[in-house]
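Novice: Shown below is the structure under consideration.
The values are calculated or read from the model by the stated rules, or taken from the named source; none is laboratory data. This structure is a prediction, so every number in the text was calculated from the model and none was measured. Every residue, glycine among them, receives a Cβ derived from its backbone with ideal geometry; neighbour counts consider all protein chains shown.
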Amino acid sequence: MTRLRNFHAAQWDEPLILDKGSPGERGYMPPAVEPAISEAIGNPLSLIPDEMRREVPPRLPEMAQPSVLRHYLRLSQMTMGCHITPDASLGTCTMKYSPQGNEHLVRMPEMSDLHPLQDDETTQGILEIIYKFEEMLCEISGMDAFTFQPAGGSPAIFANACIIRAYHRDRGEGDQRDEIISTAFSHPIDCAAPAVAGYRVITLMPGPNGFPELDALKAAVSERTAGLMMTNPEDTGIFNPQVEEFTRIVHEAGGLCAYDQANANGILGVTRACDNGFDLCQFNLHKTFSVPHGSTGGSCGAGGCTDELAKYLPSPMVAFDGERYFWDYARPHSIGKIRSFHGNVQAVLRSYAWVLAHGAEGLRAVAETAVLNNNYLQSLLAQIPGVDIKYETQGHRLQEVRYSWQPLLEETGIGTEDVKRRMVDFGLQGYFTSHHPVLVPEPFTLEPSETWSKADLDEYGAVFNHIDGEARSDPETVRNAPHSASVRRIHEDAVDEPDQWAMTWRGWKRKYGEKATNVRTAAN
Amino acid sequence: MSKRVGLIVNPIAGMGGRVGLKGTDGVDAVERARALGAVPASSDRASVTVGLLAGRSGDELTILTPPGAMGEQVCRSLGLDPVVIGPQTIDVTGAEDTRIAARAIIDAGVDLLLFAGGDGTARDLYEAVGTGPPVLGIPTGVKMHSSVYATNPRAAGDLAVRFLSSDYQLCRESEVMDIDEKAFREGRVSARLYGYLNVPYHRSLVQGLKTGSGFGGAGELTGIAADITERMTGGALWILGPGTTTRAIAERLGEKKTLLGVDLYSRGEAVSLDASEQDLLRHLDGQPARIVVTPIGGQGYLFGRGNQQLSPRVIRRVGKENIVVVATTWKLTGLDGEPLLVDSGDADLDRELAGYLRVVTGYHQESVQRVS
């Protein structure tokens, strides 16, 4: 039987850095300007153009170096991430181990000292890697071209919406085709991105098996259909087995089909976007291809498409003339820039190294292990009385499952937010509940990627089983959780209230003024 | 942080159900139910809710309740000492007692008013206190067409605790529906929309837009209203059915709208308020028109519940393709996968309306829903 961890997180009662330091405290004193330099250029500050010079210096905290170091190390001790705890918690995020060797690669000066404005002749190495990685993704997806300019999944999906728009406009149907179809269990960006691109968005709700019925799609398509933008497997981990019918129906109506492949970890080397009839797709290198995400680094949404659409991809693209690689700007049909310069090319380097390390068979093994892990975890969760798994499925779920604590809520009054707060008391990261709309009641979504071991998953099963029991025998302990975390309790009600937010320190001061300090003291 | 909660139990609610009487509105019906062997279950169900609430609130909770079977007994049986308020003597509990008690409790001031009953009780509550103070139903009645109840007594307690302990006490205007019990006992369903109670909901249970401006109802309603008013510029007659969703459309136009009635607009201006079927047919003569309706929350009825003015003749005159359905995503997901329903009174029309249709859920946003 799996032992529950006796855990307590670090608690440092650490103020915000802007509340720290004291006037005159110094972290670094730059040396005085040497006379020879002064003679040559006068006051060095005068080199900064007037319009760029601050009139008032920024209000930065004045702190000694050891204080700064201590501050951030304390904060780091109070975080819980996938390098310190197994993270099957953040379903839909594909948390997996990012090999530290690849971090070494991107920190090498050959990479870290590069500048996007360097002449192509001096950056042949990274251009070759980008070019070859594009070929790899074409092989993996069956697409014909890829861009790495979008700095995340959402920008890549937005680029796909823009390409759909450009395609219909060039065919003279831009005004007529003003609707994009998506599904309720696709990521919300598959609605948001086309909406930003000016489309009317039609969402298909799930049928009894968890994916939309064909008749619903048939009722949605028309001469106004510009395209279909969907995930598969969807957020439920259910793979829509009728996807080829979906793309066929949309094609027959004159639309294009864009595949959101943020959930690709369970299908690498198994099925491809082109085999399912898609014209466009995107991979999140920071999920499936092991690039660290969250606070550790820039992400990359790799956007792929067929030959017919390749001319619309963002500019520039890396091209090869048989002798040298170069950035090709001569692309008159391109939708333009999605991101300044070339996006996060260090993400491409990491993914390139990761794919080379795995090889084709290794990538398929990633998918198979991720699916096996998920189904093992599901078998553990299925035994917990308070857990429900909505929707009958004919086969296995793929890389994740959206579970429900609805039975537990009905029997004990303990719901998913309560369990989420309690699980961190056992050293596990709080889970992801659900995207909107919330169709599974009291939801939580677990995605055990290929990284986590059987022992890790057994720990998840044991913790949830324990909390299920606690909800029945000692509900107050669950309700008042967390007890062993860095932060006792925060008021989550404000999370959905824009008028309560402050995204910056300046915004916080503006909104709350001097009250800000009082509130924080009370919380401590 | 002390909390004051009102409690009104309709002790005879639900009695008719198990003996097949379809409701206990009216003293005769109560006596017939008793004669048929019905036992009051409303108090037991209410005590589940109150017990849970009291257990989780401790000394901080003050309950205001009418005497005897209308709430006091439930409290005493749980070892609680309530403030007794409202009508002093009750023989055969009737609607008037509920209304007197509700007014007395609201006047005395409470954070939340709980009631145990069905649609008849909900109507009494609405008549007494209107759409203002937070009211939550403990479902104990036979007829449950309104969307003012928690899903069960336990959930009512849980929602009450969460509502009372939250920093942001959010409510939604929820439909008070009732059917004519006499007709119902004769086998005919004739539901009416009586008004809206302000019912608590909890953030974690709320579903927002998949995309767009906000998670709450207000943001979604604004989006829906913007979508519809954008299309109302032409010469067509626009018929807005009852409800808070359609009211948002009229508000965006800066025009009046009756909450419970069917109203007509042309070129962005109201041309007839609270129109009857005859009014509608007269205006429709030779005029292209659109009907905008929203399903009843928790029920999914598009036609035949609370909007009978939109009769089969009116619907046929306007045409199926000119029906525009609007609903927040929150309302649609509340149907939990069940289809939208039509019960127009004309079986052929109901069949024609069945299938899939689009529902406007926000600005330039739609969802495909099954209708049966």
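Novice: Would you pick out the residues in region A:193-205 that are over 16 Å from A:GLY255 (Cβ atoms) and in contact with a Lys or Arg (Cβ under 9 Å, 6 or more places away or on another chain)?
Specialist: A:MET205
Novice: Strands (runs of 3 or more DSSP E) wholly in region A:243-314 with at least 2 residues that are in contact with a Leu (Cβ under 7 Å, 6 or more places away or on another chain) and over 20 Å from A:GLU368 (Cβ atoms) - which ones?
Specialist: Output list reads A:256-260, A:301-305.
Novice: Select, from B:ASP348, B:ASP285, B:ASP336, B:ASP279, the only residue that is outside the structural domain of B:TYR194 (by TED's automatic domain parsing) and under 25 Å from the mean Cα position of the chain (by Cα).
Specialist: B:ASP336
Novice: Test of understanding: among B:VAL30, B:VAL48, B:VAL74, which residue is at pLDDT 70 or above and touching a Ser or Thr at 6+ places or on another chain (Cβ under 9 Å)?
Specialist: B:VAL74
Novice: Take the conditions surrounded by fewer than 16 Cβ atoms within 10 Å (Cβ to Cβ), farther than 25 Å from B:TYR149 by Cβ and in contact with a helix residue (DSSP H, G or I) (Cβ under 6 Å, 6 or more places away or on another chain) and apply them to B:GLY268. Does it pass?
Specialist: yes
Novice: Further question: Quick one: B:LEU340 ticks every box in (1) within 14 Å of chain A (Cβ to nearest Cβ); (2) loosely packed, with under 14 Cβ neighbours inside 10 Å except a single one, so which number is it?
Specialist: So the condition that B:LEU340 fails would be (2).
Novice: Identify, please: which residue in region A:1-25 is part of a loop (DSSP other than H, G, I, E, B) and of a type in the set (A, V, I, L, M, F, W, C) and is, among those, nearest to A:GLY469 (Cα to Cα)?
Specialist: This residue is A:LEU4.
Novice: With the requirement that a residue be assigned to a loop (DSSP other than H, G, I, E, B) and over 39 Å from the mean Cα position of the chain (by Cα), what does region A:26-57 give you?
Specialist: Listed by number, the residues that qualify are A:MET29, A:PRO30, A:PRO31, A:ALA32, A:VAL33, A:GLU34, A:GLY42, A:ASN43.
Novice: Give the residues of region B:328-344 that are out of contact with any helix residue (DSSP H, G or I) (no Cβ under 6 Å at 6 or more places or on another chain) and either modelled with pLDDT of 85 or more or closer than 15 Å to B:ARG305 by Cβ (or both), sorted by residue number.
Specialist: Passing the criteria: B:THR329, B:LYS331, B:LEU332, B:LEU335, B:GLU338, B:PRO339, B:LEU340, B:LEU341, B:ASP343.
Novice: Can I ask one more? Among the numbered conditions (1) in contact (Cβ under 8 Å) with a residue 60 or more places away in the chain; (2) in a helix (DSSP H, G or I); (3) surrounded by fewer than 22 Cβ atoms within 10 Å (Cβ to Cβ), tell me where B:ASP107 comes up short.
Specialist: Here B:ASP107 clears every test but (1).
One line per residue, one yes/no per condition, for (1) surrounded by 24 or more Cβ atoms within 10 Å (Cβ to Cβ); (2) within 26 Å of A:THR445 (Cα to Cα):
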residue: A:GLY255; (1), (2): yes, no
residue: A:TYR259; (1), (2): yes, yes
residue: A:ALA262; (1), (2): yes, yes
residue: A:VAL270; (1), (2): no, yes
residue: A:CYS281; (1), (2): yes, yes
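Novice: Do any helices (runs of 4 or more DSSP H) lying entirely in region A:381-488 carry at least 1 residues that are within 30 Å of A:ASP13 (Cβ to Cβ) and at pLDDT 90 or above, and which ones are they?
Specialist: Qualifying helices (runs of 4 or more DSSP H): A:416-423, A:454-473, A:475-479.
Novice: Which pairs turn up if I take residues in region B:47-59 that are more than 11 Å from chain A (Cβ to nearest Cβ) and look for partners that are surrounded by fewer than 19 Cβ atoms within 10 Å (Cβ to Cβ) and assigned to a helix (DSSP H, G or I) with beta carbon separation below 8 Å, at least 6 apart in sequence or on another chain?
Specialist: B:SER47/B:SER77
Novice: Continuing with this model, one more query. State whether one or more residues within region B:239-261 are modelled with pLDDT under 95 and within 12 Å of chain A (Cβ to nearest Cβ).
Specialist: Taking every residue of region B:239-261 in turn, none turns out to be modelled with pLDDT under 95 and within 12 Å of chain A (Cβ to nearest Cβ).
Novice: Output the number of the condition that A:ALA216 fails; it satisfies all remaining conditions of (1) touching a Cys at 6+ places or on another chain (Cβ under 9 Å); (2) among the small types (Gly, Ala, Ser); (3) within 14 Å of chain B (Cβ to nearest Cβ).
Specialist: A:ALA216 satisfies every listed condition except (1).
Novice: If I ask for residues that are part of a strand (DSSP E or B) and either touching a Phe, Trp or Tyr at 6+ places or on another chain (Cβ under 7 Å) or free of Cβ contacts under 8 Å to residues at least 12 places away in the same chain (or both), which ones from region B:222-238 would you list?
Specialist: The one that is part of a strand (DSSP E or B) and either touching a Phe, Trp or Tyr at 6+ places or on another chain (Cβ under 7 Å) or free of Cβ contacts under 8 Å to residues at least 12 places away in the same chain (or both): B:TRP238.
Novice: Look through A:GLU121, A:GLU128, A:GLU134 and report the one residue that is part of a helix (DSSP H, G or I) and exposed (fewer than 12 other Cβ atoms within 10 Å of the Cβ).
Specialist: Exactly one residue qualifies, and that residue is A:GLU121.
Novice: If only one of B:PRO87, B:PRO40 is outside any helix (DSSP H, G or I), under 27 Å from the mean Cα position of the chain (by Cα) and more than 15 Å from B:ALA108 (Cβ to Cβ), which one is it?
Specialist: Testing whether each residue is outside any helix (DSSP H, G or I), under 27 Å from the mean Cα position of the chain (by Cα) and more than 15 Å from B:ALA108 (Cβ to Cβ) leaves just B:PRO40.
Novice: Next question. What number of residues within region B:315-336 are assigned to a loop (DSSP other than H, G, I, E, B) and either away from chain A (no Cβ under 11 Å) or within 29 Å of A:GLY198 (Cα to Cα) (or both)?
Specialist: Adding up the residues that qualify gives 4.
Novice: Scan (1) modelled with pLDDT of 90 or more; (2) more than 14 Å from chain A (Cβ to nearest Cβ); (3) not in a strand (DSSP E or B) for the single condition B:LEU302 breaks and write down its number.
Specialist: Of (1) modelled with pLDDT of 90 or more; (2) more than 14 Å from chain A (Cβ to nearest Cβ); (3) not in a strand (DSSP E or B), only one is false for B:LEU302: (3).
Novice: With respect to the numbered conditions (1) in a helix (DSSP H, G or I); (2) of a type in the set (A, V, I, L, M, F, W, C); (3) surrounded by 15 or more Cβ atoms within 10 Å (Cβ to Cβ), which one is the sole condition not fulfilled by A:LEU73?
Specialist: (3)
Novice: Restricting attention to region A:473-486, which residues are touching a residue at least 40 places away in the same chain (Cβ under 8 Å) and more than 14 Å from every other protein chain (Cβ to nearest Cβ)?
Specialist: Residues satisfying the conditions are A:ALA481, A:PRO482, A:HIS483, A:SER484, A:ALA485, A:SER486.
Novice: Do you know which residues across region A:186-210 are more than 10 Å from every other protein chain (Cβ to nearest Cβ) and either surrounded by fewer than 17 Cβ atoms within 10 Å (Cβ to Cβ) or touching a Pro at 6+ places or on another chain (Cβ under 7 Å) (or both)?
Specialist: A:ASN209
Novice: State the number of residues belonging to region B:345-372 that are of a type outside the set (Phe, Trp, Tyr) and either surrounded by 22 or more Cβ atoms within 10 Å (Cβ to Cβ) or at the interface with chain A (Cβ under 8 Å from one of its Cβ atoms) (or both).
Specialist: 14
Novice: Right, here's the next one. Quick one: which of B:ALA236, B:ALA183 is among the hydrophobic types (A, V, I, L, M, F, W, C), farther than 22 Å from B:ASP336 by Cα and modelled with pLDDT under 90?
Specialist: After ruling out the rest, the residue left standing is B:ALA183.
Novice: When you go through A:SER22, A:SER67 one by one, which is the residue that is surrounded by fewer than 14 Cβ atoms within 10 Å (Cβ to Cβ) and in contact (Cβ under 8 Å) with a residue 40 or more places away in the chain?
Specialist: A:SER22
Novice: Among (1) within 14 Å of chain B (Cβ to nearest Cβ); (2) surrounded by fewer than 22 Cβ atoms within 10 Å (Cβ to Cβ); (3) charged (D, E, K, R), there is one condition A:GLU470 misses while meeting the rest; what is its number?
Specialist: Among (1) within 14 Å of chain B (Cβ to nearest Cβ); (2) surrounded by fewer than 22 Cβ atoms within 10 Å (Cβ to Cβ); (3) charged (D, E, K, R), the lone unmet condition for A:GLU470 is (1).
Novice: Yes or no: B:ALA101 aliphatic (A, V, I, L, M), farther than 24 Å from B:ARG56 by Cα and not in a strand (DSSP E or B)?
Specialist: For B:ALA101, the condition - aliphatic (A, V, I, L, M), farther than 24 Å from B:ARG56 by Cα and not in a strand (DSSP E or B) - is met.
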